[in-house]
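I'd like to ask some things about the structure below.
No lab work stands behind these numbers, since they all come straight from the coordinates. Source: prediction; values computed, not measured. Cβ placement follows ideal geometry from the backbone for every residue including glycine, while neighbour counts extend to all protein chains displayed.
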Amino acid sequence: MDAEVQAMMEQVQREEEEQFYKQVPAENKSQQNADFVARTICVRNLPSSVEINDLGNLFSDMGQIDKITKIVDDDFIFTGVAYIVYGTLEEAQRAVPAKNGARVNGNIITVSMKEPEQQQQQQQQQEPQKKELATEKDDAPDTSCE
């Protein structure tokens with residue numbers, strides 16, 4: 001990917017995050033971020049054809065959705081992962097068992113709570129060991145939800 005395009009995309013993402021937290025007082029930002037992550041679910045194995053509106057329609061019966069983000073790689077190709085932020089922790093927790101295993105355009109999706117950053121860092125430190133085990137066992141699935 002062109003470095004200029006990458007820099008532009010990073011700037012857009014920073015501006016979006018700034019707008020999202022604009023009205024949050026500085027002393028509350030850490031708590032606000034933790035609350036945001038706690039209300040976030042991770043949806044995996046989505047087909048490339050899925051649109052944000054499709055996800056909104058599928059998950060809105062569990063509660064108010066504040067944000068939906070499809071994850072793309074460096075070449076802007078959809079990775080099959082999306083994050084959905086609910087209005088409350090309870091709504092997010094209710095969505096996980098209700099939607100896990102659902103079919104979306106033929107794919108069976110997996111739904112889990114998004115892991116807080118601290119847990120992600122711990123998993124990344126343990127990742128080399130997991131990769132070694134996965135090498136020995138070719139069919140070991142990737143279960144991380146960063």
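May I ask you to sort Ile84, Ile108, Ile68 by Cβ crowding, counting other Cβ atoms within 10 Å and putting the fewest first? Can you show the working numbers first?
Values: Ile84 27, Ile108 10, Ile68 18.
If I rank by nearby Cβ atoms, fewest first, I get Ile108, Ile68, Ile84.
In addition: Pulled fully out, how much extra length does the chain show between Arg94 and Glu4, if you take 0.36 nm times their separation in residues and subtract their Cα-Cα distance? Mind showing how you got there, number by number?
Values: separation 90, 0.36 × 90 = 32.40 nm, distance 4.16 nm.
So the extension gain works out to 28.2 nm.
What is the order of Phe59, Phe36, fewest Cβ neighbours within 10 Å to most?
Values: Phe59 23, Phe36 16.
Starting with the residue having the fewest Cβ neighbours, the order is Phe36, Phe59.
Working out 0.36 nm times the residue gap between Lys67 and Asn107, then minus their Cα-Cα distance, what length gain in nm do you get to one decimal? All intermediate terms of the calculation are to be shown ahead of the outcome.
Details: separation 40, 0.36 × 40 = 14.40 nm, distance 2.24 nm.
Gain on extension, Lys67 to Asn107, equals 12.2 nm.
A further question on this structure: So, counting K/R as plus one and D/E as minus one, what does the shell of residues with Cβ under 12 Å around Gly56 add up to? Numbers along the way, then the final one.
Details: positive: Lys67, Lys70; negative: Glu51, Asp54, Asp61, Asp66.
Neighbourhood net charge equals -2.
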